[in-house]
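Q: Below you'll find the structure I mean.
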Amino acid sequence: MNAGDGNWEGSAKERNTKKIIGGIAMSTQIEITYTFNAPRELVFKAFTESQHLRNWWGPKGWAFHVAKADFRPGGVFHYSQKPADGDIMWVKFVYSELVASEKIVYTSFFSDEEGNVIRAPFDANWPLETLNTMTFIEDKGKTTLTTIIVPVSPTEEENKTFFSSREIVQDGFTGTFDQLAEYLKI
C-alpha cells in the first residue's frame, strides 16, 4: 500500500443527540474525524480486507489475532488483542451496511473466544454494544474518515460511563488511525 501521512482533524464531539442524566446534558454520540493522505478506495480496503487490518488495527504494541473476517452485511469481524502486560480481550463486529469506498456500519461488543457478548474487561459499566458508522469522503487524493460511535440501548450508568470516556475513546481511535496512516505509506 502506498500513501502518505494522516492527521487528526477533530475531537470527540458532542452531537445533537443528548440525554439529561442527573440534571446534566450528556452526549450519547462520539464523533472522530481523521484525514488520510490516501485515496478513498485504498483507505476503505484497509478497513475491509483482513490482510490489511491485521497490520494496523488496535492499540500500538498489542498482539492481534483475526479469528474470523467476513466483510459483508451480516458478516462478522472477530478478533483478539492482548497488551504485553495484560490479558487477552476478544472483540466482535457485526456488519449491517457496507457501501464500497463510502460507508461502513457495524455494531461492536466485547466477546468471549466463541463470540458471545460479555462485559468489557476494563469497566463493568461500559455499554454492552455500540453502533459505529464510518463515512469516507475523498477530496484531492486525500480521504476524510468520519467515525460516529453511539451506545446501543444503554442503561443510565452505561451512558454515564460512555460519556465520561469520550476522550479515551477518541484517543484510542486516533492512535489506531495514526497506525493506519503509517501503514498506508508502505
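The values are calculated or read from the model by the stated rules, or taken from the named source; none is laboratory data. Keep in mind the model is a prediction, meaning the values are calculated, not measured. Every residue, glycine as well, gets a Cβ built from its backbone with ideal geometry; the counts of neighbours run over all protein chains shown. Just the protein is used for accessible areas: all its heavy atoms, side chains included, with ligands, DNA and RNA removed. Shrake-Rupley method; radii C 1.70, N 1.55, O 1.52, S 1.80 Å.
Q: Residue separation times 0.36 nm, minus the C-alpha to C-alpha distance between GLU49 and ASP70: what's the value?
A: Numbers: separation 21, 0.36 × 21 = 7.56 nm, distance 0.88 nm.
Stretched fully, the GLU49-ASP70 segment lengthens by 6.7 nm.
Q: Further question on the same structure: Under a point spin-label approximation (7 Å from Cα along Cα-to-Cβ), what is the LYS82-VAL117 distance to one decimal in nm?
A: So the two model labels end up 2.7 nm from each other.
Q: Starting from the amide H of ALA120, placed 1.01 Å from N in the peptide plane, find each other amide H under 5 Å away whose residue is 5 or more places distant or on another chain.
A: Distant-sequence amide H within range of ALA120: TRP126.
Q: Still on this structure, I have one more. For the pairs LYS45/LYS185; LYS82/LYS103; LYS60/LYS82, note any where the Cα-Cα span goes beyond 20 Å.
A: Numbers: LYS45/LYS185 14 Å; LYS82/LYS103 28 Å; LYS60/LYS82 10 Å.
Result: LYS82/LYS103 exceed 20 Å.
Q: If you average the C-alpha positions of the range 136-170 and of the range 55-91 separately, how far apart do those two centres end up, in angstrom?
A: Using only Cα atoms to place each centre, the spacing works out to 19 Å.
Q: Over the range 73-186, give the accessible area per residue in Å² for a 1.4 Å probe, as an integer. Present the calculation step by step, with values, prior to reporting the outcome.
A: Working: 5470 Å² over 114 residues.
Here the per-residue accessible area is 48 Å².
Q: Then there's this: Output wanted: per-residue J couplings in Hz (rounded whole) for the range 105-121, from phi through Karplus 6.51 cos²θ - 1.76 cosθ + 1.60, θ = phi - 60°, x for Gly and Pro.
A: Along the range 105-121, the couplings run 10, 8, 9, 9, 7, 6, 9, 8, 4, 7, x, 7, 5, 9, 5, 4, x Hz.
Q: At a Förster radius of 35 Å, what calculated FRET efficiency corresponds to the Cβ-Cβ distance of SER153 and LYS185, to the nearest 0.05?
A: On the way: r = 40 Å, r/R0 = 1.14.
Given R0 = 35 Å and the Cβ-Cβ separation, E is 0.30.
Q: With N set to the residue count of the range 16-158, report its C-alpha Rg divided by 2.2 N^0.38 Å to two decimal places.
A: Working: Rg = 16.1 Å, N = 143, 2.2 N^0.38 = 14.5 Å.
In units of the globular-protein estimate, the range 16-158 measures up at 1.11.
Q: What's the Cα-based Rg to Rh of the range 106-186, Rh via Kirkwood? Show your work: numbers first, answer last.
A: Details: Rg = 15.0 Å, Rh = 14.4 Å.
That ratio is 1.04, to two decimals.
Q: Less than 18 Å apart at the alpha-carbon level, and either on another chain or at least 8 residues along: which aspartates and glutamates does that give for LYS68?
A: GLU49, GLU97, ASP112, GLU113, GLU114
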